[in-house]
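Reviewing the structure listed below.
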Amino acid sequence: MLRVEGLVKRYGSVEAVKGVTFTVQPGSIYGFVGPNGAGKTTTMKIIATLLRPSDGRVFIGDVDVLQNPGAARARLGYMPDFFGVYDNLKVNEYMQFYADCYGVPVAGRDRLIGSLLELVNLADKREAYVDGLSRGMKQRLCLARCLVHDPDLLILDEPASGLDPRARVEMREILQELRRRGKTILVSSHILAELAEMCTHIGIIHEGRMVASGPVEQIQREAGTRVIEVRLAGGRAADASDAAGAHAQAGASKPAGAHPQAGASEPAGAMSAEALAVIRSAPGVRSVTVEDGGLRVSLEGEDEAAAALLAHLVRAGLPVVHFAELKSKLEDVFMAITGGGER
Amino acid sequence: MSARWGFVRNPVFLREVRVRMRSWRAPGLIVLYVGLLGLLAVLIFAAAMQGSEPVGFAPGVGAIIYAALAMFQLVLLVLAVPGLAAGAIAGERERQTLDLLLVTRLSPAQVVVGKLLAATGFALLLMFASLPVFGLIFLFGGFSLYRLGLSALVYVVTVLLLGAVSLYFSAVLRRTQTAVVAAYGVITTWILLSPLFGVLTYHVFFDRTNPPVWGLLFAYTNPAFGLAAAAGQPLSELTWLYSPILSTDAAREAIWWKYCLIALLIIGLLLWRTVQRIQPLKAKE
């Protein structure tokens, strides 16, 4: 659906995008991940026909975006990271205006706008003034605007930025629904947790370079990080958290509530410094963190490495009551791939 | 959407008209505008009739009122159009809505034309709303419908010219405030200073018997002279400024159509440059 080949964008002597190449398959949600200033917005603006690259090509289906921007615009819906609305315009008029701009036939347009507003939960706001809507509502309205000409590809630049948690969940659900309807979605964020649960593919951009791109599982595998959750019976140590923190290299700021079941049975800071030292000395262990009362061990290697770790712990006499692999989070992967830059 | 459809039923124009006419500001401005013109007409009538008996046919009075109203209307349009047009594109940029517009199927040319029509359309509405005031002068006689038609043509071209200049600054400069200041600055400076340059060219610095042709640029690009030539007596006396080179009445009267022609060329050039400025994929950065 979307093919980006060797994209380069220079602003004077500064190279903002350095040979970015990736492909987005039809019907997928592609998470475009990277810290602020990595080149996400520039890349997305080029794809959306709003910026000419210094080099490289972009195809939407078989349409060359740079050669035929008009045809490309008919196939894409773009939502920028920052956007405004017009004063003194009602939601319905706003949608009608963009439908006019896209040349959507007048026949059946009212029904179309009604269904789009319903999709983004704004059906009851049809006669409200756009500038009076909340930030979350404006974001959803902008999404509905992107869909007014029924594009195949949606380019959403930080669609959840500045939204409260509830609005983020709503936005995520809408994107899932759009995927079910066959849309291909390229969505960016610098907050990985936002993308973790909804993307089928991710691309990680760092300092203008694409450092990884592909299905989420593949990226996780390629990052070589597997995380094992270990729980020990008994052991208490007052300063264990500090000890763990000193060793931590990755996963230091996980989102709250990631493992609520663990926190309920065993309080944080329940591991002894000796136990942590034993685990760290095991072969293949990259880092150990204490989280929600359990230990999260970042491990290099395949299943054999995990088996060897378990044997090492048992041999050392640690009372292991739980030993299971966690699906590693995008944050861990991102940190592993980009070498611990900004998150 | 065909390109033709986009120009005829321009969404940018329609949206701006809808929003502008929704508030009380627009009718208020129309009332104020017509009121000011009417007040001027009454004042001049009172001044012209001082010490005279009122008579039905007074062509002298009619011509004076018409000349005053015509110039006053030009001043009002010069004040109104940059204010309406200079924020058109810079405002979209500041509001962060320009990109949303440029990713639609509207071409940049359609966006620019829509903006021009929206900004100048209101000024033209003001102009047409003032017709009843001009109609009053028919009571006195002293000017013809032909002259009124020519003047209207010069007004329309002038409004488009002022709109195109303002829109250009709106596309070139990022902030609305700067664009408005630049548009007012350039327009008023040119309108006020070009007669001065004309005087210097034809009456001070150069030989009156062999004056330079290029000095006519000051006549052919100034709406005040275009209007003066179109409106006839007594306004056309202004064009005597260029008598050393425009020695016949016909040559002086021709100022109006030459002004219109040059203005249309400038309008075309500025609109083209404006479209280039907002064309997203045009310029390599």
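The values are calculated or read from the model by the stated rules, or taken from the named source; none is laboratory data. These numbers come from a predicted model, not from an experiment. So basically every Cβ, Gly included, is an ideal-geometry build from the backbone, and we count neighbours across all protein chains shown.
All of (1) part of a helix (DSSP H, G or I); (2) in contact with a strand residue (DSSP E or B) (Cβ under 8 Å, 6 or more places away or on another chain); (3) at pLDDT below 55 hold for A:LEU309 with one exception: (3). If you go through region B:187-239 and keep only what is in contact with a Pro (Cβ under 9 Å, 6 or more places away or on another chain) and within 23 Å of B:PHE169 (Cβ to Cβ), you end up with B:ILE187, B:THR188, B:ILE191, B:PHE218, B:ASN222, B:ALA224.
So in region B:1-13, with the set limited to residues that are at pLDDT 55 or above and more than 7 Å from chain A (Cβ to nearest Cβ), which one is nearest to the chain's Cα centre (by Cα)? Please lay out each step first, then the result.
The initial filter retains those residues of region B:1-13 that are at pLDDT 55 or above, namely B:7-13.
When the remaining residues are screened for being more than 7 Å from chain A (Cβ to nearest Cβ), the result is B:7-10, B:12-13.
Values: B:PHE7: 22, B:VAL8: 23, B:ARG9: 24, B:ASN10: 22, B:VAL12: 22, B:PHE13: 19 Å.
The qualifying residue nearest to the chain's Cα centre (by Cα) is B:PHE13.
Looking across region B:198-256, the residues that are of a type in the set (Ser, Thr, Tyr), more than 26 Å from B:TYR146 (Cα to Cα) and not in a loop (DSSP other than H, G, I, E, B) come down to B:THR201, B:TYR202.
Of all residues in region B:97-109, those satisfying the criterion of being of a type outside the set (A, V, I, L, M, F, W, C), in contact (Cβ under 8 Å) with a residue 60 or more places away in the chain and outside any helix (DSSP H, G or I) are B:ARG105, B:SER107. Could you identify the single residue in A:TYR86, A:TYR78 that is facing chain B (nearest Cβ under 9 Å) and in a loop (DSSP other than H, G, I, E, B)? Residue meeting the stated conditions: A:TYR86.
Looking for something among the charged types (D, E, K, R), without any contact (Cβ under 8 Å) to a residue 60 or more places away in the chain and in a helix (DSSP H, G or I) - is there at least one such residue anywhere in region A:287-299?
First pass over region A:287-299, keeping only residues among the charged types (D, E, K, R): A:291-292, A:296.
Right, trim to without any contact (Cβ under 8 Å) to a residue 60 or more places away in the chain and you get A:291-292.
After this cut, where a residue has to be in a helix (DSSP H, G or I) as well, the list is none.
No, there is no match, as no residue in region A:287-299 is among the charged types (D, E, K, R), without any contact (Cβ under 8 Å) to a residue 60 or more places away in the chain and in a helix (DSSP H, G or I).
Does at least one position in region B:110-119 carry a residue that is within 30 Å of A:LEU141 (Cα to Cα), in a helix (DSSP H, G or I), out of contact with any Asp or Glu (no Cβ under 9 Å at 6 or more places or on another chain) and within 12 Å of chain A (Cβ to nearest Cβ)? Taking every residue of region B:110-119 in turn, at least one turns out to be within 30 Å of A:LEU141 (Cα to Cα), in a helix (DSSP H, G or I), out of contact with any Asp or Glu (no Cβ under 9 Å at 6 or more places or on another chain) and within 12 Å of chain A (Cβ to nearest Cβ).
Quick check on A:GLY70: is it assigned to a strand (DSSP E or B), within 14 Å of another protein chain (Cβ to nearest Cβ) and under 24 Å from B:GLN279 (Cβ atoms)? Talk me through it step by step, then tell me what you get.
Working: assigned to a strand (DSSP E or B): no; within 14 Å of another protein chain (Cβ to nearest Cβ): yes; under 24 Å from B:GLN279 (Cβ atoms): yes.
Criteria not met by A:GLY70.
Within region B:49-64, one or more residues are surrounded by fewer than 21 Cβ atoms within 10 Å (Cβ to Cβ), over 30 Å from A:LYS138 (Cα atoms) and among the acidic types (Asp, Glu).
Quick check: is even one residue across region A:98-106 closer than 30 Å to B:ALA26 by Cα, more than 9 Å from chain B (Cβ to nearest Cβ) and assigned to a helix (DSSP H, G or I)? For region A:98-106, residues closer than 30 Å to B:ALA26 by Cα, more than 9 Å from chain B (Cβ to nearest Cβ) and assigned to a helix (DSSP H, G or I): absent. Residues that are in contact with a helix residue (DSSP H, G or I) (Cβ under 9 Å, 6 or more places away or on another chain) and crowded, with 21+ Cβ neighbours inside 10 Å do occur in region B:202-212, at least one of them.
Can you give me the number of residues within region A:103-139 that are of a type in the set (Ser, Thr, Tyr) and over 29 Å from the mean Cα position of the chain (by Cα)?
Going residue by residue through region A:103-139, those that are of a type in the set (Ser, Thr, Tyr) are A:115, A:129, A:134.
Add one more test, that the residue is over 29 Å from the mean Cα position of the chain (by Cα), and what stays is A:129.
The qualifying residues number 1.
Among the residues of region B:79-90, write down those that are part of a helix (DSSP H, G or I) and buried (at least 19 other Cβ atoms within 10 Å of the Cβ). Quick ask: steps written out before the conclusion?
Narrowing region B:79-90 to residues part of a helix (DSSP H, G or I): B:79-85, B:88-90.
Scanning region B:79-90 gives B:ALA80, B:VAL81, B:PRO82, B:LEU84, B:ALA85, B:ALA88, B:ILE89, B:ALA90.
The set of residues in region A:150-174 that are more than 12 Å from the chain's Cα centre (by Cα), aliphatic (A, V, I, L, M) and closer than 17 Å to A:GLN25 by Cα comprises A:LEU153, A:LEU154, A:ILE155.
Looking at A:TYR94 and the list (1) touching a residue at least 40 places away in the same chain (Cβ under 8 Å); (2) within 11 Å of another protein chain (Cβ to nearest Cβ); (3) more than 29 Å from B:MET21 (Cβ to Cβ), which single condition is not satisfied? Among (1) touching a residue at least 40 places away in the same chain (Cβ under 8 Å); (2) within 11 Å of another protein chain (Cβ to nearest Cβ); (3) more than 29 Å from B:MET21 (Cβ to Cβ), the lone unmet condition for A:TYR94 is (3).
In the list A:THR21, A:THR42, which residue meets the criterion of being more than 10 Å from chain B (Cβ to nearest Cβ), among the hydroxyl-bearing types (Ser, Thr, Tyr) and without any contact (Cβ under 8 Å) to a residue 40 or more places away in the chain? Walk me through it before giving the result.
Numbers: A:THR21 fails: without any contact (Cβ under 8 Å) to a residue 40 or more places away in the chain.
Selected residue: A:THR42, the only one of A:THR21, A:THR42 that is more than 10 Å from chain B (Cβ to nearest Cβ), among the hydroxyl-bearing types (Ser, Thr, Tyr) and without any contact (Cβ under 8 Å) to a residue 40 or more places away in the chain.
If the condition is being among the hydrophobic types (A, V, I, L, M, F, W, C), closer than 11 Å to A:LEU7 by Cβ and more than 9 Å from every other protein chain (Cβ to nearest Cβ), then region A:47-64 contributes A:ILE47, A:VAL58. In the condition set (1) part of a helix (DSSP H, G or I); (2) out of contact with any Pro (no Cβ under 7 Å at 6 or more places or on another chain); (3) under 18 Å from A:ILE29 (Cβ atoms), A:GLN139 is compliant with all but (2). Looking across B:LEU69, B:LEU77, B:LEU37, one residue alone is modelled with pLDDT of 85 or more, more than 14 Å from chain A (Cβ to nearest Cβ) and farther than 29 Å from B:THR176 by Cβ. It is B:LEU69.
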